[in-house]
Amino acid sequence: MNEARLTRRALIAGAGTAALAAPLLAQQAGRMIDLALPGGPSLRPTTPAFPGKGEMIVQRIRPPLLEAPMEVFREGVITPNDRHFVRWNWDMPTSITAAEHRVAIGGAVTKAVSLTLDEVAAAGEHISVVAVNQCAGNGRGLSTPRVTGTQWGNGAMACAKWTGVRLRDVLAKAGVAEGAKRVRYAGLDVPLTDGAPQFIKSLPMDIAMRDDVLVAWAMNDEPLPILHGFPLRIVVPGWFSTYWVKMLSTIEVLTGEDESYYVAKSYRMPAQPITPADKDFDTVPITAMPPRAFITSHADGAAVAKGKPLVLEGMAFGGDAALERVDLVGAGWSIPCSLGPDEHGPYAFRRWQVELPSVSGDLADIGVRATNVKGAMQPETLAWNPSGYARNVIERITLRAQ
Ligand SMILES: Nc1nc2c(c(=O)[nH]1)N[C@H]1C(S)=C(S)[C@@H](COP(=O)(O)O)O[C@H]1N2
Ligand SMILES: [Mo]
C-alpha cells in the first residue's frame, strides 16, 4: 500500500470510528497455558475473543492484559498485529471517532495548538521504524522471590513496523519555548478509581527530539488497532513501552522536572543492585532496554536425539542498540551462534541459529546470551528488583537426550 493511502486510511477513511466490542470470553475460552511461574499459580486461559486478536493468554480482562504464547516468536521477526501483546493500565475508551480526535499541545510552547489527525499527518515527513515494543515488566512472573505486578511470562513483547511523523515535527507546530526540559503526554484512558493518577509519561528533551521518535498511526501497514492505541501513539525505539503512550491526546512541554506519579514514583528501578532484603534505596526511571535472547525451537524439558546433530534456533534483540552477537551458553562453556539477516535495523528482533555436531547427553541449563554493539551483555544472575522490571537474565532450559 502506498504511504499516502495508508495514512488516509489509517487516520480518516477506513477507521472513522474504531470500536471495541465486549469479548465473549465465557463462550470462547481456549486451552490453558502453563507459564511456569515459580512463585504461584501459573496456568492461564487463552482466548481468541478480543477484537482483532488471535489466541492470546488472558492475564486480565479489564483493563486488558493479553500475553503472547511463546510459540508466536518461532515465526518471523515481525509479530503479526493479532498476536501482539496488549497492556492497558487504566480504562480504555472503546469507541474513538477519528474526525473528532485532537492532539492538544501546550505548556512551554510559543503557541498552544489543537491538531486534527490531518494536521498531525501533515506535520512532517512520514517515516517507518521497525522496533520491539516490550513492557518493562515483561518476564517479571519468573522472578524469585516473587514480585508485585502482572505476573507476565516472557510474552509481553513484540516487534512491529511503526509508521508516523516525528514527535519533534509535531512539537514544531506549537513551537518549543526556551528552557524546555521534558515533553509529557497522555492518552484518552482514565483511572478506574477516584483520585488515582492518570497514566502520563514524559521524555527528556533530547530523546523527544530524536530522529526516530514517532507519533505513529500505523502498525505493520495497518491503522493502529484500538487495543494498540488508535488513532495515534508515541513510539520510542529502544525504550520500554511504558513511554509508548496510546490514544495520544495531550502533549505538554515542561521547563522543570516531571513530578507526576508514573515518572516520579512508579516505573523506577534501584539505582544500584539490591537484594530482596533491602528496603531503602535510591531509584532511577526505567528507560532504555537491555539486550535479550530466547530459544524458540525447543521448550524446557524437550527431548533431543542422542548421538545426532542438534540445531537450536531463536530470536534476539539488542535493546537500545543493534545486536552484536548471540552465544549459546552452558556451565562454563559458550558457543557463538550465527545471526540471521539484519532485515529491519537495530531495534528489531533478529533470528539466530547454532548447530551442535552431536548430542552426547542431557543439555542441562543451557541458554542464549545476547550482546549489543554498546557492549551490554545479558547477565548470569537476575538483577532482582521489587517490581521485576527490565528482566534480562539469561533464560535457561534443559533438554533431555533420548
Ligand atoms: N494510553 C496508554 N498508553 C499506554 C499504556 C496505558 O495504560 N495507557 N500502557 C503502556 C504500557 S505500560 C505498555 S507495556 C504498552 C503496551 O502496548 P501495547 O498494548 O500496544 O502492546 O502501552 C503503553 N502505553
Ligand atoms: Mo508496561
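The values are calculated or read from the model by the stated rules, or taken from the named source; none is laboratory data. Computed from a predicted model, the values in this text were never measured in an experiment. Note that we place each Cβ from the backbone using ideal geometry, even for glycine, and neighbour counts take in every protein chain shown.
Things worth noting here:
- Selection within the range 179-215: residues that are of a type in the set (V, I, T), surrounded by 17 or more Cβ atoms within 10 Å (Cβ to Cβ) and more than 20 Å from E119 (Cα to Cα). The member of this set that is farthest from ligand 2 (Cβ to nearest atom) is I207.
- Taken over the range 354-402, the criterion of being at negative phi and among the acidic types (D, E) is satisfied by E355, D362, E380, E395.
- Residues of the range 236-291 that are over 24 Å from the mean Cα position of the chain (by Cα) and of a type in the set (S, T, Y): T255, T275.
- The number of residues in the range 242-258 being closer than 15 Å to N133 by Cβ and hydroxyl-bearing (S, T, Y) comes to 2.
- Taken over the range 132-163, residues that are outside any helix (DSSP H, G or I) and either touching a helix residue (DSSP H, G or I) at 6+ places or on another chain (Cβ under 8 Å) or within 12 Å of ligand 1 (Cβ to nearest atom) (or both) amount to 22.
- Scanning the range 350-370 for residues that are among the small types (G, A, S) and either assigned to a strand (DSSP E or B) or not assigned by TED's automatic domain parsing to the domain that holds C337 (or both) yields a total of 3.
- Here the range 64-77 is the region considered, the condition is being modelled with pLDDT of 95 or more and surrounded by fewer than 18 Cβ atoms within 10 Å (Cβ to Cβ), and the residue that is nearest to the chain's Cα centre (by Cα) is M70.
- Here T255 qualifies as exposed (fewer than 14 other Cβ atoms within 10 Å of the Cβ) and touching a residue at least 24 places away in the same chain (Cβ under 8 Å).
- Close pairs (8 angstrom Cβ cut-off, 6 or more residues apart or separate chains): in contact (Cβ under 8 Å) with a residue 60 or more places away in the chain and under 15 Å from T381 (Cα atoms) in the range 128-149, more than 13 Å from ligand 2 (Cβ to nearest atom) and of a type in the set (A, V, I, L, M) anywhere: R140/V147; L142/A36; L142/L37; S143/L382; T144/L382
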